[in-house]
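Asker: Sharing a structure with you now.
Any read-out appearing in this document is the output of simple, stated calculations on the displayed coordinates, not a laboratory observation. Computed from a predicted model, the values in this text were never measured in an experiment. Cβ atoms come from the backbone with ideal geometry, glycine included; neighbour counts cover every protein chain shown.
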Amino acid sequence: MKTLTASVLLFESLVVLLAIPLAVSVYGVPAQYAVPGGLILMFLCIYVGSVMRKKDWALNAGWVLQALVILTGFLVPWMFLLGVIFALLYYYAITVGKRGDAIKAARDAEVEAVIQGEAREKGQPELPGSEVS
């Protein structure tokens, strides 16, 4: 799950980066606000995406970033649409990722059971850390 959500955030950072010149040249947002604000939002997307697998808070921070990207639509109207699309992709990555994690956990448990069964048949001691309750 966290790999998929990190991918969404990293691609979203590219969209935020490309929205900066659009905000300045087409929509007249002052460059002294658009450039630092856009770069901060872009780097936040990259940072949260890069720590997604290590930090528990990163999943919630991703939702905050989705809201911030949608709110940039007040400066660049196309960002309303793109922000909603990325929020839907983020939601989809979470739901599909949870299903994938459940399938992987079931497969790992099945493999562990097969390994333990083979070890018992051969009369070998059980592997450390794999006691069956």
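Asker: How many residues does region 68-91 contain that are free of Cβ contacts under 8 Å to residues at least 12 places away in the same chain, farther than 14 Å from Thr5 by Cβ and hydrophobic (A, V, I, L, M, F, W, C)?
Answerer: 4
Asker: While we're here: List every residue pair whose Cβ atoms sit under 8 Å apart, with the two residues 6 or more apart in sequence or on different chains, where the first one lies in region 20-49 and is under 15 Å from Leu9 (Cβ atoms) and the second, anywhere, is among the charged types (D, E, K, R) and part of a helix (DSSP H, G or I).
Answerer: Every condition considered, the pairs that remain are Cys45/Glu12.
Asker: Condition first: out of contact with any helix residue (DSSP H, G or I) (no Cβ under 6 Å at 6 or more places or on another chain) and over 30 Å from Ile103 (Cα atoms). Now tell me which residues in region 1-18 satisfy that.
Answerer: Leu14, Leu18
Asker: Sticking with this structure for a sec: Looking only at region 16-40, which residues are buried (at least 20 other Cβ atoms within 10 Å of the Cβ) and either part of a helix (DSSP H, G or I) or in contact with a strand residue (DSSP E or B) (Cβ under 8 Å, 6 or more places away or on another chain) (or both)?
Answerer: Val16, Ala19, Ile20, Ala23, Ala34, Gly38, listed by residue number.
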